[in-house]
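The values are calculated or read from the model by the stated rules, or taken from the named source; none is laboratory data. Here the structure is a predicted model, which means the values were calculated and not measured. Ideal geometry is used to build each Cβ from the backbone, glycine not excepted, and the neighbour counts take in all protein chains shown. All accessible areas refer to the heavy atoms of the entire protein, side chains included, with ligands and DNA or RNA removed. Shrake-Rupley method; radii C 1.70, N 1.55, O 1.52, S 1.80 Å.
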Amino acid sequence: MPPIDASQTAGAEVEADTARRSGSSHLRFWLPAVGLLWLDLWSKAWVFRNLKTEEVLPAFPGVLEFRRSLNDGAVFGSFSGYAGVFIVASVFALAFVLYLFINSSPRQRVLHVSLAMILAGALGNLYDRAFMAADVVRFREKKNGRMVSVIGKIVEETAESVRIGDWPDGGRPQPFNRAEVEVRRQGVVRDFIRFVPKFPASVPRVGGMDIWPWIFNVADAALVCGVILLLLTSFIERGHREPPTE
């Protein structure tokens with residue numbers, strides 16, 4: 001019998017000890033990812049198909065409501081106007097998530113779930129940015145100088161003015177002075193979940209303001225919760241690996 005190469009044996013043991021070769025690891029990773037992605041895309045399609053532009057559907061009265069909203073930025077409406085950058089960043093993030101999963105241990109069960117949530121969240125919003133195109137009119141408010149975006153469908157554009165209506169049918173158009181706005185067409189993200197509670201009026205400076213002012217979707221929630229779970233898992237594992245101090 002030919003001699004066994006010890007280096008090959010060790011390599012096989014290491015390879016078998018990674019999530020890439022573990023069926024249960026793939027189930028923990030792909031089932032939540034596919035389920036959350038389906039829930040995100042289905043819920044966004046349902047809301048935008050069944051609710052009118054200004055309609056509000058109380059999901060849990062006083063706590064949670066659904067309303068249509070379009071986002072030309074990142075998670076929770078941040079960094080408006082960089083759709084192309086977000087698409088490229090999402091592709092790199094997806095590749096990094098897959099790299100982490102493939103090289104993880106089958107025993108890192110919580111890590112697999114957190115990576116699945118991040119994957120679903122990134123894919124859900126990436127789908128919208130790639131396939132949900134809308135017209136965006138941006139202008140600077142005269143009162144405070146803040147840039148504001150109006151997202152919808154342009155129904156008329158001339159050298160002097162532009163009229164943009166609701167997305168996607170162009171209803172209820174509103175006019176803008178063409179010289180005072182920026183106009184572009186880009187991918188947008190469909191949001192619809194809004195928390196209703198406000199700070200009590202007695203709280204200084206924030207009394208009466210929304211506790212959570214951003215409208216979001218299932219993908220946003222999955223992405224943020226997955227990142228938090230990933231950080232907690234890394235922190236706990238790091239603590240277990242640190243040798244006790246004398």
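Amide H contacts of Met132 (H built 1.01 Å from N, in plane; Pro and chain starts excluded): Val188 sit under 5 Å, all sequence-distant by 5 or more or on other chains. Average accessible surface for the chain: 61 Å² per residue, computed with a 1.4 Å probe over protein heavy atoms with every protein chain in place. Residues whose amide H falls under 5 Å from that of Gly170, counting only those 5 or more places apart or on a different chain, are Lys153, with hydrogens built in the peptide plane.
The Cβ shell under 12 Å around Arg129 holds other residues with a net charge of -1, Lys and Arg each +1, Asp and Glu each -1.
Structural descriptor for the chain: relative contact order 23 percent, calculated from alpha carbon pairs under 8 angstrom and at least 6 residues apart. Region 95-139 and region 172-193 have Cα centres separated by 26 Å. The figure for Met132 is an accessible area of roughly 40 square angstrom, using a 1.4 Å probe on the protein chains alone.
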